[in-house]
Amino acid sequence: SIEIHSLNPNPLSLEPHSSWSSPSRVSSLKASHFLQKPLIVASTSSGSLHFLFSDSSVATLESEVSIPEGALHSVPASCVDLLDGGVECVTVGEDGKVNLVGIGDSNLNYRRLFDSAGLVSYTAVSWASPMEFATGGYGFGLHWWDQRKPGGPVSQFKGNW
């Protein structure tokens, strides 16, 4: 589960305020702000992706929107990253898929940016700018992606680590 607690300094204690029960183990977790409110995105070992919206003034989880298991990855997402401002999320998995999820007014829209058909396994992703991000994984170095140039990574670094 994901829980929100408040920290009381005197005496030092944590006070639970809100919780959300995940349908399976959380495989990746990221937080940001969306429309001036905290946003938490969690991928699960069953392959689902959940966006939890919070109200920080009362430390509660207000709502959730989800993408069901199997829609983005055939295995759990290895890593998720939220763009600053929380309007887009990129997901990667060991199945070789790279997906972009957009947060709309009342729903989520998503599209597959790349599918290596399992030839590459992605284990890490991080936004670099609103149009660019980097991925890393097993058996290769870093891949640089630019959404203005679709079809795959625009650059790669094959370092000998």
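The values are calculated or read from the model by the stated rules, or taken from the named source; none is laboratory data. Keep in mind it's a predicted model, so treat the numbers as computed, not measured. No Cβ is skipped: glycine too gets one built from the backbone with ideal geometry, and neighbour counts run over all protein chains shown. In case anyone asks, the SASA skips ligands and DNA or RNA and just uses the protein heavy atoms, side chains included. Shrake-Rupley method; radii C 1.70, N 1.55, O 1.52, S 1.80 Å.
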Take every Cα-Cα pair in the range 20-136 and report what % of them are more than 18 Å apart. 46
Just in the range 55-161: which trypsin sites (Lys or Arg not before Pro) are loop by DSSP and have at most 11 other Cβ atoms within 10 Å? Arg148, Lys158
With bins of 5 Å, the percent of all Cα-Cα pairs of the range 107-161 per bin from 0 is 4, 17, 28, 28, 15, 6, 2, 1, 0
Between the range 50-102 and the range 1-29, how many Å separate their Cα centres? 18
Write down the accessible area per residue of the range 52-148 in Å², having rolled a 1.4 Å probe over the full set of protein chains. 46
Could you look at the range 64-111 and say what percent of its accessible area is carbon and sulfur, using a 1.4 Å probe and all protein chains? 43
Quick calc, the range 38-161, dipole around Cα centre from Cβ unit charges on Lys, Arg (+) and Asp, Glu (-), nearest 20 debye, gives 520
Signed unit charges on C-beta, dipole axis of the range 1-116, positive-most listed residue Phe51, Leu83, Leu113: Leu113
